[in-house]
Amino acid sequence: MHPDRRTVLKALGAVGASGLVVADATAAADAPAAAAPPAAGGASSYVFFNSAESAWVEAAVSRIVPADELSPSGFDLGIATYIDRQLAGAYGQGAKMYLQGPWPEGTPQQGWQMRMAPAACYRVAIPRIDAHCHTTFGATFRALDEANQDAVLAGLDNRSIDLVDLPSHQFFKLFLTNVMEGLFSDPIYGGNRGKLGWKMVGFPGVYGNYVDVIDRYFDRPFDVAPLGIAD
């Protein structure tokens, strides 16, 4: 990952953190999707990803959000856990999405234009990406060096990797959106561990109200430790 991409991450957070809507606030409480067996997920067990899927996601989130002087890696921030919980619930099953045909590619302004819900997209895409990695590099995505992992992610984004009936750039867009949600959502959903995503952009979290501090901070930054829902 290049330094300018880290700058983009900070910009995204500064613009969107205060209005961020978690993909599905009830997802953690929903029953897991019926799929492959769960795998260990670091601090907590995965409820959706199988071992091959979790290996890909853990590696990929750490390329989108690499460890550096600003934050730990995406995996250490809990982003893989966040995505897993969302895919296991209503969001992953597309409960609030229109999934009926027809399914033209559409335009970026038209929203979701695929027949598969988010969980199905991950389940279909990851083994195909690993198959591409085996054919091209002789190893799974997780086993590649950082430069080749970046090349694979770029190939998804620029459509040069064929995922058959799933447009690769659409999957990459979905994945990138989920990573941003996991980086800046409330920690109660599994990501943004230690509120480090918020701290990186100076977001105060779900601060109750500002009535008692308006006069003190109207002309300078509001420098407080961020608060989450659990606080």
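Is it true that some residue in the range 176-184 is open to solvent by 10 Å² or more (accessible area, probe 1.4 Å), of a type outside the set (Phe, Trp, Tyr) and not in a helix (DSSP H, G or I)? The answer is no, given that none of the residues of the range 176-184 is open to solvent by 10 Å² or more (accessible area, probe 1.4 Å), of a type outside the set (Phe, Trp, Tyr) and not in a helix (DSSP H, G or I). Filter the range 27-83 down to residues that are polar (S, T, N, Q) and farther than 14 Å from ARG123 by Cα and give me whichever is modelled with the lowest pLDDT. Applying the filter and picking the extreme gives SER44.
Taken as a whole, the structure leaves ALA95 outside the set of residues that are of a type in the set (A, V, I, L, M, F, W, C) and at pLDDT 95 or above.
The set of residues in the range 98-129 being open to solvent by 20 Å² or more (accessible area, probe 1.4 Å) and in a helix (DSSP H, G or I) consists of PRO108, GLN109, GLN110, ALA120, ARG123, VAL124, PRO127, ARG128. A single entry from ALA95, ALA154 fulfils the requirement of being of a type outside the set (Lys, Arg) and not in a helix (DSSP H, G or I): ALA95.
In the condition set (1) more than 24 Å from ALA151 (Cα to Cα); (2) within 16 Å of the chain's Cα centre (by Cα); (3) surrounded by fewer than 24 Cβ atoms within 10 Å (Cβ to Cβ), TYR91 is compliant with all but (3). Among all positions in the range 71-82, there is no residue which is aliphatic (A, V, I, L, M) and more than 17 Å from the chain's Cα centre (by Cα).
Exactly one residue out of LEU183, LEU174, LEU144 is closer than 24 Å to LEU87 by Cβ and touching a Leu at 6+ places or on another chain (Cβ under 7 Å): that is LEU183.
The values are calculated or read from the model by the stated rules, or taken from the named source; none is laboratory data. A quick note: this is a predicted structure, and the numbers were derived from the prediction, not measured. For neighbour counting, all protein chains shown are included, and Cβ atoms are generated from backbone atoms with ideal geometry for every residue, glycine included. Side chains are part of the model used for accessible areas, which takes the heavy atoms of the whole protein and leaves out ligands, DNA and RNA. Shrake-Rupley method; radii C 1.70, N 1.55, O 1.52, S 1.80 Å.
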